[in-house]
1. What helices (runs of 4 or more DSSP H), lying completely within the range A:62-172, carry at least 2 residues that are at the interface with chain B (Cβ under 7 Å from one of its Cβ atoms), under 16 Å from the mean Cα position of the chain (by Cα) and at negative phi?
2. Which residue out of B:S246, B:S220 is more than 16 Å from the ligand (Cβ to nearest atom) and out of contact with any Phe, Trp or Tyr (no Cβ under 9 Å at 6 or more places or on another chain)?
3. What about B:I152, is it surrounded by fewer than 24 Cβ atoms within 10 Å (Cβ to Cβ) and in a helix (DSSP H, G or I)?
4. Evaluate the following for B:V62: is it under 20 Å from B:I119 (Cβ atoms) and either part of a helix (DSSP H, G or I) or without any contact (Cβ under 8 Å) to a residue 40 or more places away in the chain (or both)?
5. Conditions first: (1) under 12 Å from the mean Cα position of the chain (by Cα); (2) buried (at least 24 other Cβ atoms within 10 Å of the Cβ). B:S140 passes all but one, so which condition is the exception?
6. Say we look at the range B:209-229 and pick out the residues that are assigned to a helix (DSSP H, G or I) and within 14 Å of chain A (Cβ to nearest Cβ); which of these is nearest to B:G129 (Cα to Cα)?
7. Against the definition (away from the ligand (no atom under 16 Å from the Cβ), surrounded by fewer than 23 Cβ atoms within 10 Å (Cβ to Cβ) and among the aromatic types (F, W, Y)), how does B:F47 come out, yes or no?
8. Being assigned to a helix (DSSP H, G or I) and either within 14 Å of chain A (Cβ to nearest Cβ) or more than 12 Å from the ligand (Cβ to nearest atom) (or both) is the filter here; which residues of the range B:94-105 pass it?
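Bear in mind that the values in this text are calculations on the coordinates, not laboratory data. None of the values given here were measured: they were computed from a predicted structure. Here the Cβ positions follow ideal geometry from the backbone for every residue, glycine too, while neighbour counts run over all protein chains shown.
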Amino acid sequence: MAIHCDGRARIVGNDVNTDYIIASTRKRDTLDEQILKRYLLETVDPAFAASVQPGDILVAGTNFGCGSAMEIAATVILAAGITAVVAQSFSRTFFRNAVNNGLLPIECDTSDIHEGDRLSVSSDSAAISIENRTRGTTLAASPLPALMADILAAGGLVEFIRHGGWTQGQPA
Amino acid sequence: MTRPATISEKILSAKSGVEARAGDIVVCDVDLVIGTDASSPMAIDYFKRMGGTALFYPKRVVFALDHYAPPSTAKTAAFHEQVRAFANEHDAALYEVGRGISHQVVAELGRVLPGDLVIGADSHTVTCGALNLFATGVGSSDLAAAMITGRIWLRVPETIKVTLLGKRSPGVAPKDVALAMIAELGAEGANYRALEFHGDGVGDFTLEDRFVLSNLAVESGAKAAIFAADAATDAYLERRTMQRRSGVTADPAARYSREIEIALDTISPLVAIPHSPNDVVSIADLLGTPIHMVFLGTCTGGRVVDFHEALAVIERGGGRIAPGVQLVITPASREVHRRLIVDGSLAKFSDLGAIITTPGCGACCGTSGAIPGSGMNVLSTANRNFKARMGNATASIYLASPAACAAAAVTGVITDPRAIG
Ligand code: SF4
């Protein structure tokens, strides 16, 4: 299934851990993403959350989402209206959580993307491409493996399992 | 003929029923699913949204109330009520407040065995790999899907072979070796990969010491960090479970994506500086840095041996804590707590004026226990020192061995523990 999104690039750096995406101490007070999104990335930039617009595309350096495996880091990003994260590399737990929640994780060289660039992302079973309309360039990324693409296409693991993913109740 | 395999490939082959090799994506049967109070409320929500009505294997699901132990707000108390009710309704085991940190407790109870596939909605679930099994951290949705189906999707990781050679010098802790390893690998050097430990130096590490190496491996992104089973594994399990399993070993011709060697006798005491566990320097570079809080605890440094080492250093240093230093003690589990009571260690810490808190995660991630004051320097036996990790963004967290933490408690400044007494 093809996924397409257009939006502004929002740049963050390397090694942005999940505690920086949303602090454990905030998560202690509520699990409501609509409230938590006000504190998105506050440790990195206290003004970030207020400046996010729906459709923004988060663009990161290396090892995005490292540290704690907390899934709320992925769902708070989605709640803020961000539907794709492009990073030089992801931590494996964040990558899983993104796929499982229908947040598109794209791994590619982000060094030529700048704050505010207009990006247009297309993903299908054959390829992922990111067109940078501001700079007139196009970046390519490898497509996701089939099983991950199926989960993303279902909209995340909830829908995937609801529809009988992994044939419940039968030993492998 | 089957192709040669690493330990991870063998375990994931056995659990998926196919010949699983690095890069494959497989769906595996899970032996144990671990939820915590920090991740389970969301997992319960996912469980309901996925249409879950029952646990596929109730005996393979456990919940630990460890991150908010005891709850300090009405909200966290409500999380606990929610997890208790769910565990009760679905017949899953519940480790109550004060029982300890999830992955520590399952190891103590003999719930994780060589060859198992264990998933926990906590990144430090990898700690259990010290017992020759594939244990990995996942999110809450994975937890819910595994509760419903008994299964999980996994990408079979490439493996980095870590060869430990020789013996540690006197006064050098397993934590120092672990810090050296994650500094060498970098913050994402093991991302998507498993570590496998080899070499004669493995014999220099007791099972409890191995937990420290497996635990810190996730700070380099490792998906699993696995030791082979040996006499130390058997001795640890013998006291804890009637079940016997033969260990899983790698084939001699197994493929590794990278190999690193660590000559143990070249390592000296180390410290991770703010705000990354991979920013590691020799303790010699930091001597004299003032320390205001010393935290002994967590799934890295909260076991019996850690408190014994710390006490030995404090006693060698004159048996007193420097004025102005807060010493915070949090046993990783009730078993640890109880053993420290029985052997008199907790009485000694109490006499030193230490703050002794409920077994569990304590001050580690700022959700329960002592939060450092603004501008304070903390020296901790934990595994993470991210900014704001302990609940105050202006505190600076340094990570070191229990002995180095104890040395700073005695002097009030970062001090080489070998120089005490
Ligand atoms: S002690 Fe710290 S690192 Fe370990 S599980 Fe608890 S919060 Fe996580």
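1. Values: elements: A:72-79, A:92-101, A:146-154, A:157-162.
Fully inside the range A:62-172 and qualifying: A:92-101.
2. Working: B:S220 fails: more than 16 Å from the ligand (Cβ to nearest atom).
From the options B:S246, B:S220, the qualifying one is B:S246.
3. Numbers: surrounded by fewer than 24 Cβ atoms within 10 Å (Cβ to Cβ): yes; in a helix (DSSP H, G or I): no.
When the stated conditions are applied, B:I152 does not pass them.
4. Details: under 20 Å from B:I119 (Cβ atoms): yes; either part of a helix (DSSP H, G or I) or without any contact (Cβ under 8 Å) to a residue 40 or more places away in the chain (or both): no.
Spelling it out, it is not the case that B:V62 is under 20 Å from B:I119 (Cβ atoms) and either part of a helix (DSSP H, G or I) or without any contact (Cβ under 8 Å) to a residue 40 or more places away in the chain (or both).
5. Result: B:S140 fails condition (1) only.
6. Narrowing the range B:209-229 to residues assigned to a helix (DSSP H, G or I): B:209-220.
Right, trim to within 14 Å of chain A (Cβ to nearest Cβ) and you get B:215-220.
Details: B:N215: 9, B:L216: 11, B:A217: 10, B:V218: 11, B:E219: 15, B:S220: 15 Å.
If we take residues in the range B:209-229 being assigned to a helix (DSSP H, G or I) and within 14 Å of chain A (Cβ to nearest Cβ), then B:N215 is nearest to B:G129 (Cα to Cα).
7. Numbers: away from the ligand (no atom under 16 Å from the Cβ): yes; surrounded by fewer than 23 Cβ atoms within 10 Å (Cβ to Cβ): no; among the aromatic types (F, W, Y): yes.
In short, no.
8. So the first thing to find is which residues in the range B:94-105 are assigned to a helix (DSSP H, G or I), and the list is B:102-105.
Passing the criteria: B:S102, B:H103.
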